[in-house]
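The values are calculated or read from the model by the stated rules, or taken from the named source; none is laboratory data. Predicted, not measured: the structure shown is a model, and the values here were computed from it. Don't worry about glycine lacking a Cβ; one is built from the backbone with ideal geometry, like all the others, and counts go over all protein chains shown. Keep in mind that these areas ignore ligands, DNA and RNA; they rest on the heavy atoms of the full protein, side chains included. Shrake-Rupley method; radii C 1.70, N 1.55, O 1.52, S 1.80 Å.
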Amino acid sequence: MGASSGIGLEVARLLVKQGWTVGVAARRLEQLAEFDVAARIDVTDEDAGERLQQLIGRLGGIDLYFHASGIGKQNRELHEDVELRTMETNAVGFTRMVGTVYRYMAGHGGGHITVISSIAGTKGLGPAPAYSATKAMQNTYIEALEQLANAQQLNIRFTDIRPGFVDTDLLNDGRRYPLLLDKVKVAKEIADSIDKNRHIRIIDWRWRIVTCGWRLIPRFLWRHFKL
């Protein structure tokens with residue numbers, strides 16, 4: 001889900017090379033011409049869950065769901081439309097699609113749900129309030145579903161991928177970003193994390209150090225940081 005560009009596209013290509021039968025979906029169907037099974041799905045549409053179920057039906061079932069759909073940008077001026085669009089896509093849309101897959105897998109023997117969240121969910125980031133808030137929500141939601149699946153004795157596995165800044169269209173805003181990651185290398189690490197059934201994977205080692213440091217900063221100090 002969200003395979004028309006960036007990390008989603010690279011992971012889809014990599015899974016095809018590895019021999020997976022891949023169905024892809026995105027808002028821009030014309031970007032998916034290289035794949036045999038594709039569907040136009042906008043996660044913010046109310047019928048997006050039904051469209052996803054139709055895609056799963058065309059595939060004959062699903063073993064792995066990979067959610068790469070998301071938006072985000074710096075919004076220091078706190079423009080309302082930016083904040084609300086981010087919430088609608090990264091929170092409501094995310095919940096709609098992951099919930100649809102969870103319910104499907106619960107009734108069909110299980111599977112693996114992998115999502116791209118972000119290191120931005122580690123702390124509230126002033127330059128991107130809605131983005132960091134929705135990524136923290138995604139982290140917590142996946143953690144909650146892991147607990148729920150175990151309590152229900154379901155064979156559903158979860159992988160929460162948390163990249164740092166990745167060189168994709170999402171960051172094509174003319175700003176300079178530190179420790180920028182190559183999307184192809186990120187895709188390879190994601191595929192490896194899926195194969196090894198990792199629960200949480202921060203990409204890469206430099207961002208693991210950064211986020212570890214962030215967690216150690218007390219809130220009364222963090223609120224005075226200028227990012």
request  = Within the stretch 45-63, work out how many residues are within 23 Å of Thr134 (Cβ to Cβ), open to solvent by 70 Å² or more (accessible area, probe 1.4 Å) and either in a helix (DSSP H, G or I) or of a type in the set (Gly, Ala, Ser) (or both).
outcome  = 1
remark   = In the stretch 20-29, anything modelled with pLDDT under 95 and either farther than 19 Å from Gln53 by Cα or out of contact with any helix residue (DSSP H, G or I) (no Cβ under 8 Å at 6 or more places or on another chain) (or both) is listed as Arg27, Arg28, Leu29
remark   = For the stretch 1-23, pairs from a residue that is more than 18 Å from Phe94 (Cα to Cα) and in contact (Cβ under 8 Å) with a residue 40 or more places away in the chain to a residue that is of a type in the set (Phe, Trp, Tyr) and crowded, with 20+ Cβ neighbours inside 10 Å, with Cβ under 7 Å and 6 or more apart or across chains, are Val11/Phe66
query = Does the stretch 210-220 hold any residues that are open to solvent by less than 80 Å² (accessible area, probe 1.4 Å) and in a helix (DSSP H, G or I), and which are they?
reply = Val210, Thr211, Cys212, Gly213, Trp214
request  = Within the stretch 1-43, track down each residue that is in a loop (DSSP other than H, G, I, E, B), among the β-branched types (Val, Ile, Thr) and surrounded by fewer than 16 Cβ atoms within 10 Å (Cβ to Cβ).
outcome  = Thr21
query = Is it true that Val186 is farther than 30 Å from His224 by Cα and touching a Phe, Trp or Tyr at 6+ places or on another chain (Cβ under 9 Å)?
reply = no
ask   = Looking at Glu77, is it in a loop (DSSP other than H, G, I, E, B), farther than 29 Å from Ala191 by Cβ and among the acidic types (Asp, Glu)?
value = yes
request  = Tell me, please, whether a residue that is part of a helix (DSSP H, G or I) and free of Cβ contacts under 8 Å to residues at least 60 places away in the same chain can be found in the stretch 114-121.
outcome  = yes
ask   = Has the stretch 64-73 got at least one residue that is open to solvent by 90 Å² or more (accessible area, probe 1.4 Å) and at pLDDT below 95?
value = yes
ask   = Residues in the stretch 158-168: is at least one more than 20 Å from Ala26 (Cα to Cα) and surrounded by fewer than 16 Cβ atoms within 10 Å (Cβ to Cβ)?
value = no
Residue list for the stretch 190-209, filter: surrounded by 16 or more Cβ atoms within 10 Å (Cβ to Cβ) and either more than 16 Å from the chain's Cα centre (by Cα) or not hydrophobic (A, V, I, L, M, F, W, C) (or both) = Ser193, Arg198, Arg201, Asp204, Trp207
ask   = If you take the residues in the stretch 164-202 that are part of a loop (DSSP other than H, G, I, E, B) and charged (D, E, K, R), which one is modelled with the lowest pLDDT?
value = Asp173
task = For the stretch 80-99, state whether one or more residues are in a loop (DSSP other than H, G, I, E, B) and under 25 Å from Arg215 (Cβ atoms).
result = no
task = For the stretch 139-157, indicate whether the set of residues that are surrounded by 20 or more Cβ atoms within 10 Å (Cβ to Cβ) and in contact with a Lys or Arg (Cβ under 7 Å, 6 or more places away or on another chain) is non-empty.
result = no
